[in-house]
Amino acid sequence: MNKAMKATVVAAGIAMLFGSVNMTEASASKAANKSSQTVIKSSAADKKAVEAAKAVLSKKLAQKNPGDLYILYVRDKALNGGAEFMNYMNMFQFKTYEEYLNQAAKLKGPTLTKPEALPEGYKFVKGNIQPPLIKYLTQYQKEVKAEAAAQGKGVHYKKFVWKEMGEINLIFANGKDNLQMQVAYYVGKDKGNSGYSYHTADEFDAEIAKKHPDFVRNTLSWSDQNYIYNITTNPGNPLTKEELIKLSETAVKK
C-alpha cells in the first residue's frame, strides 16, 4: 500500500468514529490525489528545467568564448543520467605560441615554455589551458548546490571565473616527429619532488596499445609539491631519455 492510499484508509477509519465517513473519506482522497499530482508536476517541471538549462548551456558553449566554465546542478539525478552535476567548459585553445604565453601569464600556476634545447625544426602546432577542476571541483559543486538551495531550485547552473591553470598541453612537431608537453594539478596522496620516470613506447601493454594507440608514446615524467609534468614523443622519435631530461630543465617557468 502506498503512502497516499494508507493515509486515505487511516483518515476514513477515524471518520467512522465521528459519523462523517463519506465527507472525510472524499476529502482525504482528494488531498491524496492532489499530493500525487504535485509530485508529478514537480518532476515534469524539473525535467523541463533540465532540458532548458542544457539547451542554454550548449548554446553558450557554441559561442566558443575561451575560458567559459559552467557547472549544472540537478537535484533529481534520474533526470541527468544518474549524475548530480555536469560540467560545461570552453578551454583556452591556441594556434600560436605567443597567444599561449599571453594567456598563461594571466593565470596562477606553472607555465610550460618551449625548451631551450629543443632541436631545430620543431615548431609550435597547438596548445590548450584547462580550468582547475581537479583542484576546486568539490568547492565549485558546493557553491552551485548552495545557490540552488537558497533559491529553492531543483535545477541550477553557475558560471565560474578561474584565474589558476588546471592543466596545460602543448604540441611541437618536426616533420613526422612530434613532442608533447603537459603539466596538470597533482591529486596523488604522496606529494613531493620526485625523480624522473621514463618509459618507452615499447613498454606499453599490447592490449592498451591496441585499444588506445594514441597513448603509446615515449614518456618522461616528474612531479613537485602540487603538479605532475610529462614530456612525451612519438614511437620512433630519435630524442633519447637524456635529451628529454635536458629539455625538462628549461620546460617550466614557476
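Once you list every other residue whose beta carbon is under 12 Å from the beta carbon of residue 97, what net charge do they have if Lys and Arg are +1 and Asp and Glu are -1? Numbers along the way, then the final one.
Working: positive: 95, 114, 123, 126; negative: 98, 99.
Residues near residue 97 contribute +2 overall.
To make sure I understand, if each residue's beta carbon is the centre and we count other beta carbons within 10 Å, what order do 254, 158 fall in, fewest to most?
Working: 254 7, 158 17.
Neighbour counts put them in this order, fewest first: 254, 158.
With a sphere of radius 9 Å drawn around the Cβ of residue 122, what net charge do the other residues whose Cβ falls strictly inside it have (Lys, Arg +1; Asp, Glu -1)? Intermediate results must be reported in sequence, preceding the final value.
Details: positive: 114, 123; negative: 120, 177.
Once all neighbours under 9 Å are counted, the net charge is 0.
Farthest toward the dipole's positive end in segment 92-197, which of 110, 124, 160, given Cβ charges of +1 (Lys, Arg) and -1 (Asp, Glu) about the Cα centre?
Positive-most Cα among the choices belongs to 160.
How much length would be gained if the chain were fully extended between residue 246 and residue 76, taking 0.36 nm per residue of separation minus their Cα-Cα distance, in nm to one decimal?
On the way: separation 170, 0.36 × 170 = 61.20 nm, distance 5.23 nm.
The residue 246-residue 76 span can extend by a further 56.0 nm.
Which peptide among 213-220, 54-61 comes first, and what is the full order, when sorted by highest mean count of other Cβ atoms within 10 Å? The partial results should precede the final answer.
Details: 213-220: 16.6, 54-61: 13.6.
Packing order, densest peptide first, comes out as 213-220, 54-61.
Among 246-252, 118-124, how do they line up by average Cβ neighbours within 10 Å per residue, starting with the highest? Mind dumping the intermediate values first?
Values: 246-252: 17.1, 118-124: 13.4.
Packing order, densest peptide first, comes out as 246-252, 118-124.
Can you tell me the length gained on complete extension of the stretch residue 134 to residue 65, counting 0.36 nm per residue apart and subtracting the Cα distance?
22.7 nm
Which pairs in the list 95/254; 159/253; 210/241; 47/77; 60/135 are over 19 Å apart, alpha-carbon to alpha-carbon? Don't skip to the answer; put the middle values down first.
Values: 95/254 23 Å; 159/253 29 Å; 210/241 24 Å; 47/77 11 Å; 60/135 24 Å.
As for pairs spanning more than 19 Å Cα to Cα, those are 95/254; 159/253; 210/241; 60/135.
A short reminder: the numbers here are calculations on the coordinates, not readings from a lab. The shown structure was predicted, so the numbers you read here are calculated from the model rather than taken from an experiment. FYI the Cβ positions are ideal-geometry reconstructions off the backbone, even for glycines, and counts take in every protein chain you see.
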